[in-house]
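Any read-out appearing in this document is the output of simple, stated calculations on the displayed coordinates, not a laboratory observation. Computed from a predicted structure; not experimentally measured. Reconstructed Cβ throughout: ideal geometry from the backbone, glycine too, with neighbour counts over all protein chains shown.
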Amino acid sequence: MNGNVIQAANVTKVYNKGGGGEVYAVHDVSLEIGKSEYVAIMGASGSGKSTLMNILGCLDKPTSGSLKLDGVEVSTLNDEELATIRNRKIGFVFQSFNLLARTNALENVELPLIYSDRSDITRLAREALVSVGLADRLHHNPGELSGGQQQRVAIARALVTDPEIIFADEPTGNLDSKSSLEIMTLFQQLNEKGRTIVLVTHEADIAAYAHRIIKIADGKIISDERNPEPRVAEPEINTLVAQEAAHETK
C-alpha cells in the first residue's frame, strides 16, 4: 500500500427534519482507504452508504468531522473548490447511468472534458470507450445500447479525466447477471491497473469482488474486514481486454 488517498475522521452528516428533529445519515465515521485499494461499502437501503460515498467523493459536505484526499483537507472547501477536486481526482459511476439520451456514446464521454483546456477531447473519449470494449459503439445513442453497454459508456466517462479514484454507487443495480459480471470484470481490471475503487452496494455477491468490505448500518460502520478470497471474474468475460488489444493493433 502506497499511503492513504482517503482519510475520514469522525465524519457526521445530520439532516434537519420538520419539528426540529435531526436525522443522522452518517454518524461519527472514521476510515482510511489506501492507494489502489478495492473497497466495498455495503449496507441495506437507508443505511447511509450512499451519503457516505457522496461525502468521500466530494459531492456533499459533512456536518462535522475531517475529510482528507491525498493529505489535503477538503471538508471545508467551497463548492467551486470541491468541483475542481472532483474533476482532477475522482470518477463516478451510478446505477442509473446518467447518459444524455440524444447524445451518442462518444459525445457522452467527452462531457467531463468540455470545459477543460484540452484540445484532444475526442481522442481521449475514443480511447476511454475502446478501453471498456466499445470501439464499435462510438456513434450509438444510449437507446441503441444494452444496459451493460450503457454502463460501460458511463465507466468510460468516469475514466476520461484519468482519475485516481472511482466511486461506483450500485453500478449493477439495473443490469442482468451477465452484464453485471462484465461490469465487475471491468472494475477488477481497473483496480489491477492501479485505480482505487470504492464500490457501494447492498448485494453480497457484488461486494465479494472487493478486497475489503465495510458494512454500515444506521449511519455507522459496524464492520471493516479484509476479504480473504475476493471473487474473480469468469475468464471468458475478459474478452473485453481482447477487444481493446485487437482494436489498438489495427
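Please work out how much length the chain gains when fully extended from Lys193 to Glu164, using 0.36 nm per residue of separation minus the C-alpha to C-alpha distance, in nm with one decimal.
Working: separation 29, 0.36 × 29 = 10.44 nm, distance 1.09 nm.
Stretched fully, the Lys193-Glu164 segment lengthens by 9.4 nm.
Using DSSP to call loops (not H, G, I, E or B), can you name the trypsin sites (Lys or Arg not before Pro) in segment 15-84 whose Cβ has at most 15 other Cβ atoms within 10 angstrom? Show your work: numbers first, answer last.
On the way: sites: Lys17, Lys35, Lys49, Lys68; in loops: Lys17, Lys35.
Answer in residue order: Lys17.
How large is ³J(HN,Hα), in whole Hz, for each residue of segment 79-86 in order, when computed from phi with the Karplus curve 6.51 cos²θ - 1.76 cosθ + 1.60 and θ = phi - 60°, using x for Gly and Pro?
4, 5, 5, 5, 4, 5, 4, 4
Taking amide hydrogens as modeled 1.01 Å from N in the peptide plane, which residues meet the under 5 Å criterion relative to Ile6, leaving out close sequence neighbours?
The list, which skips near neighbours in sequence, is Ile33, Asp70.
Through the Karplus equation 6.51 cos²θ - 1.76 cosθ + 1.60, θ set to phi - 60°, convert the phi angles of segment 52-63 into ³J(HN,Hα) values in whole Hz; use x for Gly and Pro.
Those phi angles translate into 4, 4, 4, 6, 4, x, 6, 8, 9, 10, x, 5 Hz.
Report the residues of segment 24-64 in range of a label on His211: point 7 Å along Cα→C-beta, backbone N strictly under 17 Å from it.
32-41
Where does the Debye-calculated log10 I(q)/I(0) of segment 132-175 sit at q = 0.16 Å⁻¹, using only Cα point scatterers of equal weight, no solvent?
Evaluating at q = 0.16 Å⁻¹ gives log10 I(q)/I(0) of -0.45.
So what is the relative contact order of the chain, in percent, for Cα pairs below 8 Å that sit 6 or more residues apart? Each step should come with its number before you reach the end.
Working: 495 pairs, mean separation 64.1, N = 250.
Relative contact order here is 26 percent.
Residue by residue through segment 181-187, what is 3J(HN,Hα) from phi via Karplus (6.51 cos²θ - 1.76 cosθ + 1.60, θ = phi - 60°)? Round to whole Hz and write x for glycine and proline.
5, 4, 5, 5, 4, 4, 4
Please report, to two decimal places, log10 I(q)/I(0) for segment 34-130 at q = 0.12, 0.15, 0.23 Å⁻¹ as given by the Debye formula with identical point scatterers on the Cα atoms and no solvent.
-0.53, -0.81, -1.29
Could you tell me the calculated FRET efficiency between Ala204 and Asp176, based on Cβ-Cβ distance and R0 = 30 angstrom, to the nearest 0.05?
Details: r = 18 Å, r/R0 = 0.60.
Efficiency at R0 = 30 Å is approximately 0.95.
Any idea how far apart Asn16 and Glu144 come out in nm if each label point goes 7 Å out from Cα toward Cβ?
Each label point lies 7 Å from its Cα, and together they span 5.1 nm.
How big is the gap, in Å, between the Cα center of segment 165-189 and the Cα center of segment 1-50?
21
Mind sorting Tyr115, Tyr24 by how few other Cβ atoms lie within 10 Å of their own Cβ, fewest first?
Values: Tyr115 8, Tyr24 16.
The order, fewest Cβ neighbours first, is Tyr115, Tyr24.
Using DSSP to define loop residues, name the GluC sites (Glu not before Pro) in segment 124-213 whose beta-carbon has at most 15 other beta-carbon atoms within 10 Å. Don't jump to the answer; show the numbers that get you there.
Working: sites: Glu127, Glu144, Glu164, Glu182, Glu192, Glu203; in loops: Glu164, Glu203.
Here the GluC sites (Glu not before Pro) that fit, given the DSSP loop and packing criteria, are Glu203.
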